Amino acid sequence: SQTIHQWPATLVQPVGSPLSLECTVEGTSNPNLYWYRQAAGRGLQLLFYSVGIGQISSEVPQNLSASRPQDRQFILSSKKLLLSDSGFYLCAWSEQTNQPQHFGDGTRLSIL
Amino acid sequence: ELKVEQNPLFLSMQEGKNYTIYCNYSTTSDRLYWYRQDPGKSLESLFVLLSNGAVKQEGRLMASLDTKARLSTLHITAAVHDLSATYFCAVGRGSSNTGKLIFGQGTTLQVKP
């Protein structure tokens, strides 16, 4: 069966520091991968998605970036965090069909 | 631009009562999903609706899709406390190959004993 791992679970970072969140999927090949951000009490905002290695599409302009160095690995990064980057970050995967997206446990990021 | 709106955004109900959550979307789509999120947790997939008139049921929850009206409903029958959570609908945008979804704002359901 397929599993998705996301870490760390919580992170507290100072403004201006770098960021690296990692997500890996097991048990499937060539999945679609997604990064979302959820502000407190709000819906999900799609940040990036990837349909293959090295293929990244950005949905919103921001100081975040994403990379997919391996088929089942998706990384969310920033060189300098802003206060507005605080939130709950969720990684998800799906097959390239109409099947639903499956979410990781999320990373709660607090910027001080 | 695809927009997805849910209502109500907050729902407080007594155990044993029935209620419906509505999800409207602004442009044509061929796929709609319902998710559940418990406080502080991730999202869990509930239903996948892929055609006009599709109806799916799981326990006390039933979801339906009317693509002509661009409307999906999530009906709760005889609510129990365990159903307390936030429910999101998500509508497919663009090609199904990318799997991109636009989420509604979420409906927070509170079931009181």
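Values in this text are rule-based calculations from the coordinates and carry no lab data. Model, not experiment: these values are computed from the prediction. Virtual Cβ from ideal backbone geometry, glycine too; neighbours counted across all protein chains shown.
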Student exercise, chain A dipole from Lys, Arg, Asp, Glu Cβ charges, in Debye to nearest 20: 320
Charge dipole (debye, nearest 20) of the protein assembly as shown; +1 at Cβ of Lys and Arg, -1 at Cβ of Asp and Glu: 360
Relative contact order, percent, chain B [alpha-carbon distance under 8 Å, six or more residues apart]: 36
Residues A:THR97, B:THR20, B:THR98, A:THR107, sorted so that the one with the fewest Cβ neighbours within 10 Å comes first: A:THR97, B:THR20, B:THR98, A:THR107
Exposure proxy order (Cβ contacts within 10 Å, fewest to most) of B:SER95, B:SER45: B:SER95, B:SER45
Hits among aspartates and glutamates - C-alpha to C-alpha of A:LYS79 under 18 Å, sequence gap 8 or more where chains match: A:GLU22
For chain B, size of Cβ-based charge dipole, Lys and Arg +1, Asp and Glu -1, in debye: 140
Those trypsin sites (Lys or Arg not before Pro) in the stretch B:10-113 that DSSP places in a loop and that have at most 14 other beta carbons within 10 Å: B:LYS17, B:LYS41, B:ARG60, B:LYS68
If the convex hull is drawn through the Cα atoms of chain B, its volume per residue in Å³: 94
Lysines whose Cα lies under 28 Å from that of B:LYS56, excluding same-chain neighbours fewer than 8 positions away: B:LYS3, B:LYS17, B:LYS41, B:LYS68, B:LYS100, B:LYS112
